Amino acid sequence: MTASRGPTAAATRIDIFTVFPQLISNFASESLLGRAQEHGLLEVNAVDLRSETTDRHRTIDAPPFGGGAGMVLMPEPVFAAVEATDAPRPLLLMSPSGRRFDQTFANELAETGGFSMLCGRYEGVDERIASDLCDEAVSIGDYVLSGGEVAALAILEAVARLVPGVMGNDESAGDESFMTGLLEYPHYTRPADFRGLEAPDVLRSGDHERVDRWRRAQALARTQERRPDLIELRGGLTDADRALLAEFDLG
Ligand code: SAH
């Protein structure tokens, strides 16, 4: 079933400020994001950080005060590029020092109805861009990328699939890893026997209640094994959880 939105529902607008606008618009024109834009559910604007520069070289970076390696994005052209637009707020700065992006953060952003992201490059951005232009800094993990574009695209994908109507089947977003505080159960499809590797019988039994219990048991067992921190976050296993694991010999 495809969720329908009224003809007046505004698209979720996401503006991305970058030195490489083509990289963003190419990515956003394909697959789910491309379709969501065609259907007017989503509007992705890639804005060139050089757009308001006036010098011949369209300069946006300079060496850091105090010395050291690399170049830093200057406040002047970056403030100007943002101020020349009506980019939706909050404006998020991509930064390894930011708040860690996760499913909860994605849900929050999906609720905003529109927001923007600013991608750093080189050594990063002048601190005044962080403190006086952007609203919050976001990190996609404890590693350093060469630019904020991949981080912005990861956030774009995670949020876009939460926008009503984008997934086509509204139910599929709710079942997935992290949505329930658990990792997702394993999936199987045709054939039932692949090179002697069999799909679990229960999934083809037609007993939907048992299928649901099996899936939940699998999600619990998998989370307990791979991400015990997530089980702890939920306050540990309940008696019902333990009974479910025992029912499928997963305890
Ligand atoms: N010198 C900086 C890293 C600069 S990397 C530091 O040590 O913190 C260049 C740009 O890539 C950053 O400005 C940021 O926009 C982006 N970036 C790198 N790693 C990132 C991460 N884990 N999450 C989000 N953005 C990241």
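The values are calculated or read from the model by the stated rules, or taken from the named source; none is laboratory data. All of these numbers come straight from a predicted model, not from anything done at the bench. Cβ sites come from the backbone with ideal geometry, for glycine too, and all protein chains shown count toward neighbours. Accessible surface areas use protein heavy atoms only, side chains included; no ligands, DNA or RNA. Shrake-Rupley method; radii C 1.70, N 1.55, O 1.52, S 1.80 Å.
Membrane-span-like helices of the chain, defined as complete DSSP H segments with a Cα extent of 15 Å or more along the helix axis and a mean Kyte hydropathy of at least 1.0, are identified as 149-160.
Sorting 203, 230 by accessible area (1.4 Å probe), largest first, what list results?
These residues rank, largest area first, as 203, 230.
Given the -39500 (n - 2.57) contribution per DSSP H run of 4+ residues, what per-residue ellipticity at 222 nm results for the chain, rounded to the nearest 500 deg cm²/dmol?
Value at 222 nm, helices only: -10500 deg cm²/dmol.
At a Förster distance of 35 Å, what's the computed FRET efficiency of residue 10 paired with residue 103, Cβ-Cβ distance as r, to 0.05? Efficiency, rounded to the nearest 0.05: 0.90.
Charge tally around residue 130: other residues with Cβ under 14 Å, Lys/Arg +1 each, Asp/Glu -1 each, net -4.
Using only the alpha-carbon atoms of segment 1-111 as identical scatterers, what base-10 log of I(q)/I(0) does the Debye formula give at q = 0.12, 0.18, 0.19 Å⁻¹? Those come out to -0.57, -1.11, -1.19, one per q.
Within segment 137-241, which chymotrypsin sites (Phe, Trp or Tyr not before Pro) sit in a loop by DSSP and count at most 14 neighbouring Cβ atoms inside 10 Å? Hits after loop and neighbour filter: 143, 188.
Using every pair of distinct Cα positions in segment 177-247, the Kirkwood expression returns a hydrodynamic radius of 13.2 angstrom. Among the GluC sites (Glu not before Pro) in segment 18-121, those placed in a DSSP loop whose Cβ has at most 11 other Cβ atoms within 10 Å are 30. Evaluate the Kirkwood expression for the hydrodynamic radius of the chain, namely the inverse of the mean inverse distance over all pairs of different C-alpha atoms, and round to one decimal in Å. Answer for the chain: a Kirkwood hydrodynamic radius of 21.0 Å. Modelled spin-label separation between residue 176 and residue 210, with each label point placed 7 Å from Cα along the Cα-to-Cβ direction: 3.1 nm. The distance from the alpha carbon centre of segment 25-81 to that of segment 167-225 is 41 Å, rounded to a whole number. Sorting 180, 59, 18, 189 by accessible area puts them as 189, 180, 59, 18; the probe is 1.4 Å, largest comes first, and only protein heavy atoms count.
Rolling a 1.4 angstrom probe over the protein heavy atoms, how many square angstrom per residue are accessible across the chain? Don't jump to the answer; show the numbers that get you there.
Numbers: 14500 Å² over 251 residues.
Accessible area per residue: 58 Å².
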